[in-house]
Amino acid sequence: MLSVIETKCVSSLAKVFPDEELMEETLSIASAFKNEVFSFQVAYRAQHVSRAIRDLNIQIESELSDQISVRLIGLVPSELPCYPDQDEHILRSTPGLYPDPLFPMDSNRVMHAVPNQWRSIWITVALNGTVIAGKYPIRILFQDESNNLLSEQVVELEILNAELPKQKLIHTEWFHTDCIATHYRVDMFSEAHWVLIEKYVMTAVQHGMNMLLTPLFTPPLDTKEGGERPTVQLIEVDKQGESYTFGFERLRQWIDMGNRSGIEYFEFSHLFTQWGAKHAPKIMATENGVLTRIFGWDTDAMGDSYKGFLRQFLPALVRFVEENNLEKRSYFHISDEPGLEHLPWYTSAYEIMNEYVGQFPIIDALSDYTFYEQGLVSNPIPANNHIEPFLSKGTENLWTYYCCAQYEQVSNRFFCMPSARNRIIGMQMYKYKIAGFLHWGYNFWYSQFSVAPIEPFETTDAGCAFPSGDSYLVYPGEEGPIESIRLKVFYEALQDMRALELLESLVGRAETVRFLEEGLADEITFDVYPRDQKWLQSIRERLNQTIKSLLK
């Protein structure tokens, strides 16, 4: 009898499209460390039938079942998958449906197998260090609504007798608190808002994000000049003439929430506008009993009024940091992505920031070495396609980032890119001793410049502004975040980094870098690296087995 369901186990690095044949190699064996999160997929489609097979259910049989979750990979539209001059290292450039959101398999969501259309489920084995080392078969059973077996697949996962070391990399994906309030239609910092914020922060922490963008005032990020984002301000300000008093109760609540969730570092939002540091962020204050905007686009950042405000605010903030033992956990921003033409304004902003918070790291995404050379930023964050001058000059404690502009040769996470291009950055960051990674879009659910809210399951490109996949890693579910393939794969990159650090602890750094590049025609850089996902799968498995043999 012909089976009506065809299934195939494939790597987490596969992207399964409904309108093309599945050419991925079958995954049957793999390995992971005792505290690692391991994921794979099972692709499926109906065959030998004229209509969809509805109401499929999935059963998992394994000794690891308590640590296994199953999610359905959804398809979302992309009108702008890439720019016209995108390089050739993509899966496709056409608009259409792309696999990305990972929907929980609960009672409200059922699976349907469509004839001649591949779909996929995402299986995560979240190991917590309690499982004894050994080999564990994982059986995935596809059943109809009467529990008749239609197909089954088996993956054997070897749990290695070692744990990955704690993540060293500082990782932030900018957290857009206002987008949560807007999408869920809750009042800013209401009880309902706080509940949602914490859920999104906890999901971030579970995926290696250990630094949290903290909105002292409404962050001046991706905002149309002259426009405003919804007010999301943790600091209470009372203005009497040119004197100010500050309330930190809400900021303390934010810090407590971050501590509960596992956040290690807090980056205080930018105190000057993006792309130039010419103006102040939107700041609200109570004046004569009325809440009013006292600073914003109409504020000259170099003027006496705003500088006078900062001379009162920054010492008060430093006292809060010291009273709450946050000295080693606090980072500051001046302005995001300034160019060389903005040097006078950035210099002016730096001078007052350095006067009051110069003892703390000041981090900014900027790619011109001049800013660092002139001592205007202690922790520069160049884009991964502009990082070479910083590397060649031996910049210490170097971070990197990417966004929509980094689409030629370097790693990124657009829908149209193979997942291997997302994951390779972990090995690149290990080789170059990268200390931190920043991205601007954890949950940016507005159109470009925050002009209007978008529906993230329908508009994935910020209103045809950025290639799909740039502006957010999580989708808004009914009660909290829906994760994505890209979120999971980037976390795999961070685990690769930690696995290389484990090998380094056993054989030294030079030998680990040699191991990483063994057999390659060229050394790994940020724009030269193996493009084949088979290489990534192969070296990671070889890395695991090498560590296993060294620990015997």
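Between Lys433 and Leu97, the simple label model (points 7 Å from Cα in the Cβ direction) yields a spacing of 4.9 nm. Phi-derived couplings, Karplus 6.51 cos²θ - 1.76 cosθ + 1.60 at θ = phi - 60°, listed residue by residue for the range 507-524: 10, x, 5, 4, 5, 5, 5, 4, 4, 4, 9, 4, x, 8, 6, 10, 5, 6 Hz, with x used for Gly and Pro. When the chain is described by a simple charge dipole with +1 on each Lys and Arg Cβ and -1 on each Asp and Glu Cβ, the residue from Leu160, Ala181, Ser367 located farthest towards its positive end is Leu160. Database remark: amide H of Asp87 closer than 5 angstrom to the amide H of Gln409 (H placed geometrically; neighbours at sequence offset of 5 or more, or on other chains; Pro and chain starts carry no H).
With a cut-off of 19 Å on the backbone N, the residues of the range 89-133 near the modelled label site 7 Å out from Leu520 along Cα-Cβ are 89-90. Bridges between two residues of the chain, per DSSP, are antiparallel at a rate of about 70%. In this Cβ point-charge picture (+1 for Lys and Arg, -1 for Asp and Glu), the range 458-525 has a dipole of about 140 debye about its Cα centre.
Pairs of C-alpha atoms in the range 114-162 farther apart than 12 Å represent 75 percent of all such pairs. For the pair Glu541 and Ile132 in one chain, pulling the backbone fully straight at 0.36 nm per residue adds 145.3 nm over the alpha carbon distance. Close amide-amide hydrogen proximity is noted between Leu80 and Ser468, each under 5 Å apart and 5 or more residues distant or on a separate chain (H modeled in the peptide plane; Pro and chain starts excluded). Note on the range 126-250: with charges restricted to the Cβ of Lys and Arg (+1) and Asp and Glu (-1), its dipole about the Cα centre is near 320 debye. Along the axis of the charge dipole computed for the chain (Cβ charges of +1 for Lys and Arg, -1 for Asp and Glu, origin at the Cα centre), the listed residues Ile425, Gly276, Leu314 are led at the positive end by Ile425. Axis angle, to the nearest 10 degrees, between helix 249-261 and the longest C-alpha principal axis of the chain: 20 degrees. Note on Glu408 and Ser305: their simple-model spin labels are 4.3 nm apart, each label 7 Å out from Cα toward Cβ.
Protection proxy ranking for 136-146, 175-185, 422-432, 506-516, using the average of other Cβ atoms within 10 Å per residue and placing the highest first: 422-432, 175-185, 136-146, 506-516.
The shape of the range 335-468 comes out oblate: with a ≥ b ≥ c from the C-alpha gyration tensor, a/c is at least 1.5 while a/b does not beat b/c.
The phi-based Karplus calculation (6.51 cos²θ - 1.76 cosθ + 1.60; θ = phi - 60°) puts the 3J(HN,Hα) values of the range 443-453 at 8, 7, 10, 10, 6, 3, 6, 6, 6, 7, x Hz, whole numbers, x for Gly and Pro. For Ile482, the amide hydrogen comes within under 5 Å of the amide hydrogens of Tyr475, Gly477, counting only partners 5 or more places away or on other chains and with H modelled in the peptide plane. Sorted on the mean count of surrounding Cβ atoms within 10 Å across their residues, most packed first, peptides 76-83, 61-68 read 76-83, 61-68.
What base-10 log of the normalised intensity I(q)/I(0) is obtained for the chain from the Debye formula, alpha carbons as equal point scatterers, at q = 0.09 Å⁻¹? Each listed q corresponds, in turn, to -0.70. Charge dipole of the chain (Cα centre as origin; +1 on each Lys and Arg Cβ, -1 on each Asp and Glu Cβ, all else neutral): 1020 debye, rounded to the nearest 20. Note on the chain: helix-only mean residue ellipticity at 222 nm, from DSSP H runs of 4+ residues weighted -39500 (n - 2.57) and normalised by residue number, equals -8000 deg cm²/dmol. Note on Met257 and Glu479: with the Förster distance fixed at 25 Å, the Cβ-Cβ geometry gives a FRET efficiency of about 0.90. Would you please classify the overall shape of the range 5-160 from the alpha carbon gyration tensor, given that a ≥ b ≥ c denote the square roots of the eigenvalues, rounded means a/c under 1.5, and beyond that prolate means a/b larger than b/c while oblate covers the rest? It comes out oblate by the Cα gyration axes. Taking only the Cα atoms of the range 170-484, the ratio Rg/Rh comes out at 0.94, with Rh defined as the Kirkwood radius. Taking the dipole about the Cα centre of the range 5-160, with the C-beta of Lys and Arg at +1 and of Asp and Glu at -1, give me whichever of Asn116, Thr130, Cys9 is farthest to the positive side. So the residue furthest toward the plus end is Thr130. The angle between the Cα long axis of helix 191-206 and the main principal axis of the chain comes to about 60°, on a 0 to 90 degree scale. Relative to the dominant Cα principal axis of the chain, helix 343-357 is inclined by about 90°. Between Ser392 and Ala465, full extension at 0.36 nm per residue minus the direct alpha carbon distance yields a gain of 23.0 nm. Going 7 Å from the Cα of Asn147 toward and past its Cβ, which residues in the range 106-137 have a backbone nitrogen under 20 Å from where you end up? Taking a point 7 Å out along Cα→Cβ of Asn147, the residues of the range 106-137 whose backbone N falls under 20 Å are 106-111.
Read the figures in this text as sums done on the coordinates, not as results from a lab. Please read all numbers here as calculations on a predicted model, not as lab measurements. In this analysis, Cβ positions are derived from the backbone assuming ideal geometry, glycine residues included, and neighbour counts consider all displayed protein chains.
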